[in-house]
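The values are calculated or read from the model by the stated rules, or taken from the named source; none is laboratory data. Everything quoted here is computed from the prediction, not taken from an experiment. Please note: Cβ atoms are built from the backbone with ideal geometry, for glycine as well, and neighbour counts cover all protein chains shown.
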Amino acid sequence: MTTIYLAALAFGLTLLVASIVMGGKDTDHGGGADTDVDLFWAPVASLRFWVFLLAFGGGAGVALEKLGSGTLVSALGALGVGWAAGAIAVKVVSTLGKHSVSSGVGAADLVGATGTLMLPAGPHKPGKVRLDVKGRAEDFVATVVDDVGVLATGTAVLVVAEGERGTLLVTKAEM
């Protein structure tokens, strides 16, 4: 059994180190970060669960065998430690995913914001608008929704909606 535990430990540690070094996403149980994870059944569909089960279960199996535990005790101990480590890892990452702060900018952050045209824009002539979003200046392609003609560079505009392919629909801001 020691060979099985050592193989599980080596494979699990290899995957764990690779995921730390290369980063990447877990192919999780399909519920995403918005669902609570059932610590008994749900984690089995998560790659992260299996990595931790193999690494920590293999390590526990080797340790229990070296301490002179019987085959059954070593196997159950390895399975219990591995399962707990995997389930806890999935739960921790799921919880962190729910409560993490994102610096990503979405349409909800942009609609209602005011900015300045950096390039002239008109109803059928896309331009560029600079907005201050989440503490940083971002430039977006903008199209004017009103039939007021072309708005000049430097004009203050209000974002009214998100357009096609990530463009912003803007109108002249009333000061």
Within the group GLY68, GLY86, GLY104, GLY112, which residue is at pLDDT below 95 and surrounded by 14 or more Cβ atoms within 10 Å (Cβ to Cβ)? GLY86
Just a yes or no: is a residue in the stretch 87-97 within 21 Å of THR14 (Cα to Cα), in contact with a Pro (Cβ under 7 Å, 6 or more places away or on another chain) and either of a type in the set (Val, Ile, Thr) or free of Cβ contacts under 8 Å to residues at least 40 places away in the same chain (or both)? yes
If a residue must be surrounded by 13 or more Cβ atoms within 10 Å (Cβ to Cβ) and closer than 14 Å to ALA113 by Cα, how many such residues does the stretch 123-132 contain? 3
Residues of the stretch 125-172 satisfying the condition of being at pLDDT 85 or above and assigned to a loop (DSSP other than H, G, I, E, B): PRO126, VAL145, VAL150, ALA152, THR153, GLY154, THR155
Would you please name the residue that is farthest from GLY115 (Cα to Cα), looking only at residues in the stretch 133-170 that are among the hydroxyl-bearing types (Ser, Thr, Tyr) and buried (at least 18 other Cβ atoms within 10 Å of the Cβ)? THR143
